[in-house]
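Worksheet: the structure to be examined is printed underneath.
The values are calculated or read from the model by the stated rules, or taken from the named source; none is laboratory data. Predicted model, so just to flag it, every value in this text is computed and none were measured. We place every Cβ from the backbone using ideal geometry, glycine too, and count neighbours over all the protein chains shown.
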Amino acid sequence: METITPIDSRDEQDETHMTPVSATALRDAMGHFLTGVTIVTTRGVGEPYGLTVNSFNSVSLDPPLILWSLDLGHDRGDLFRQAGGFTVNVMGSDSDCEELIRIFARTDTERFSGADWHWGPSGQPVLACAIASLECRLWAEYPGGDHVIFVGEVVNISTRDGQPSAYFKGQLSAFPS
């Protein structure tokens with residue numbers, strides 16, 4: 001088996017010629033990357049909670065793992081830890097889904113009032129308009145700069161036909177067919 005040795009980029013580049021990357025520049029550059037849109041939901045104390053997230057990715061097939069990240073300054077981070085699980089709802093592009101995406105992105109709204117949802121087999125909230133819902137148990141948590149990275153083990157999946165929502169250059173739209 002080959003051993004992989006991490007490369008310290010500072011050894012190969014003269015840092016005196018590099019300018020630090022600003023958060024604004026990174027956000028602008030990442031805006032050029034087309035991403036899907038999810039709403040991550042969890043069981044709160046007596047009621048569900050959720051928020052719009054586009055930092056979602058597959059990690060492993062065996063075991064089945066996914067990840068998403070949350071700003072350390074977010075006031076509900078402990079809720080996701082205490083619940084021990086969550087659902088990543090991959091959102092469709094129909095008008096009902098787009099409205100939920102906007103509602104769940106706001107900071108001070110009652111997100112679930114008027115939403116069509118149910119408790120999934122894992123005990124986590126599942127949104128009816130999602131084109132895929134991945135119910136997860138919390139598998140690990142890692143520091144990621146100014147974010148926390150939540151890794152979930154997928155325990156249940158439901159899907160339906162539909163076009164996905166996409167986020168590109170600050171705009172929400174349907175992924176072109």
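Inside the range 114-130, can you point out the residues that are surrounded by 15 or more Cβ atoms within 10 Å (Cβ to Cβ) and either charged (D, E, K, R) or part of a strand (DSSP E or B) (or both)? Listed by number, the residues that qualify are TRP117, PRO125, VAL126, LEU127, ALA130.
Annotation: LEU100 fulfils all but one of (1) among the hydrophobic types (A, V, I, L, M, F, W, C); (2) under 17 Å from PRO48 (Cβ atoms); (3) outside any helix (DSSP H, G or I); the unmet one is (3).
Based on what the data block shows, is LEU51 of a type outside the set (S, T, N, Q), crowded, with 17+ Cβ neighbours inside 10 Å and over 17 Å from GLU135 (Cα atoms)? The answer is no for LEU51. Given the condition free of Cβ contacts under 8 Å to residues at least 12 places away in the same chain and over 22 Å from LEU72 (Cα atoms), answer yes or no: does some residue in the range 159-177 qualify? Checking the range 159-177: at least one residue is free of Cβ contacts under 8 Å to residues at least 12 places away in the same chain and over 22 Å from LEU72 (Cα atoms). Would you call CYS129 at negative phi and in contact with a helix residue (DSSP H, G or I) (Cβ under 6 Å, 6 or more places away or on another chain)? Yes.
Kindly evaluate SER133 against the criterion of being hydroxyl-bearing (Ser, Thr, Tyr), surrounded by 14 or more Cβ atoms within 10 Å (Cβ to Cβ) and more than 20 Å from GLY77 (Cβ to Cβ). Judged against the criteria, SER133 is a match.
For the range 21-41, the set of residues classified as farther than 15 Å from ALA130 by Cα and either among the basic types (Lys, Arg) or touching a strand residue (DSSP E or B) at 6+ places or on another chain (Cβ under 9 Å) (or both) consists of ARG27, GLY31, HIS32, PHE33, LEU34, THR35, listed by residue number. Being assigned to a strand (DSSP E or B) and either within 26 Å of VAL155 (Cα to Cα) or among the β-branched types (Val, Ile, Thr) (or both) is a condition met by no residue of the range 72-82.
Determine if the range 103-113 includes at least one residue that is assigned to a strand (DSSP E or B), over 14 Å from ASN156 (Cβ atoms) and free of Cβ contacts under 8 Å to residues at least 40 places away in the same chain. For the range 103-113, residues assigned to a strand (DSSP E or B), over 14 Å from ASN156 (Cβ atoms) and free of Cβ contacts under 8 Å to residues at least 40 places away in the same chain: absent. Considering the range 65-124, the residues that are touching a helix residue (DSSP H, G or I) at 6+ places or on another chain (Cβ under 7 Å) and closer than 16 Å to ARG43 by Cα include one that is modelled with the lowest pLDDT, namely ARG111.
Tell me which residues, restricted to the range 136-162, are of a type in the set (Val, Ile, Thr) and surrounded by 15 or more Cβ atoms within 10 Å (Cβ to Cβ). If the condition is that a residue be of a type in the set (Val, Ile, Thr) and surrounded by 15 or more Cβ atoms within 10 Å (Cβ to Cβ), then VAL148, ILE149, VAL151, VAL154, VAL155 are the ones that fit. When the residues of the range 81-100 are narrowed to those that are of a type in the set (Val, Ile, Thr) and touching a Phe, Trp or Tyr at 6+ places or on another chain (Cβ under 9 Å), which ends up surrounded by the most Cβ atoms within 10 Å (Cβ to Cβ)? Among those residues, the one meeting the criterion is VAL88.
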